[in-house]
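Asks: Please find one structure pasted underneath; my questions will follow.
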Amino acid sequence: MSGRRHRTQGRTRAKESAKASAACAHQPPPSASDSAPAASNPADRTAVTGRASHHVYMLECGDGTIYTGWTTDVDKRLAAHQAGRGAKYTRGRGPFILRRVETFADKAAALRREREIKRLSRAQKLALIGDSAAGEGAPQA
């Protein structure tokens, strides 16, 4: 051994658990006014709650391939792709054309939709992009 001694934490799990629950006790419970009315469309929920929206976007790369990604700021993310600071897949594949944007109220819903789109075949993605050309990128209900 190197002669170094390992320090122990000195706390048991029970003490850590009690400390964590005590820290939560000081937070007031959410009031009824904090919860927003439910809306059926994720984009409508975003407008009601005033929280940051989450977007799934589809780019057509310069080589004809399609890239799907997730972001909270589409313009900033597109600029990052154009500058070569976006996803590794898109580096060197510009210029890019933004073909579709879908907006969601929460990150989990956006990530689920991104995964759904990425699992589609190329033909299905092209059909999805074709649908969005008429609707300016709005999600189809």
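The values are calculated or read from the model by the stated rules, or taken from the named source; none is laboratory data. Remember, predicted model here, so these are calculated numbers, not experimental data. Neighbour counts are summed over all protein chains in view; Cβ atoms, including those assigned to glycine, are modelled from backbone coordinates with ideal geometry.
Asks: Can you pull out the residues in the stretch 58-93 that are closer than 16 Å to residue 128 by Cα and either among the basic types (Lys, Arg) or under 18 Å from the mean Cα position of the chain (by Cα) (or both)?
Replies: Matches in the stretch 58-93: 58, 59, 67, 68, 69.
Asks: Given the options 134, 138, 109, name the one that is modelled with pLDDT under 90, part of a helix (DSSP H, G or I), aliphatic (A, V, I, L, M) and over 23 Å from residue 84 (Cα atoms).
Replies: Working: 138 fails: part of a helix (DSSP H, G or I); 109 fails: modelled with pLDDT under 90.
So the residue among 134, 138, 109 that is modelled with pLDDT under 90, part of a helix (DSSP H, G or I), aliphatic (A, V, I, L, M) and over 23 Å from residue 84 (Cα atoms) is 134.
Asks: Kindly check whether there is at least one residue in the stretch 63-79 that is over 20 Å from residue 112 (Cβ atoms), out of contact with any Ser or Thr (no Cβ under 8 Å at 6 or more places or on another chain) and buried (at least 18 other Cβ atoms within 10 Å of the Cβ).
Replies: Yes, the stretch 63-79 contains at least one residue that is over 20 Å from residue 112 (Cβ atoms), out of contact with any Ser or Thr (no Cβ under 8 Å at 6 or more places or on another chain) and buried (at least 18 other Cβ atoms within 10 Å of the Cβ).
Asks: OK, next. For the list (1) touching a Cys at 6+ places or on another chain (Cβ under 8 Å); (2) at pLDDT below 95, I need the number of the one condition that residue 91 fails.
Replies: Exception for residue 91: condition (1).
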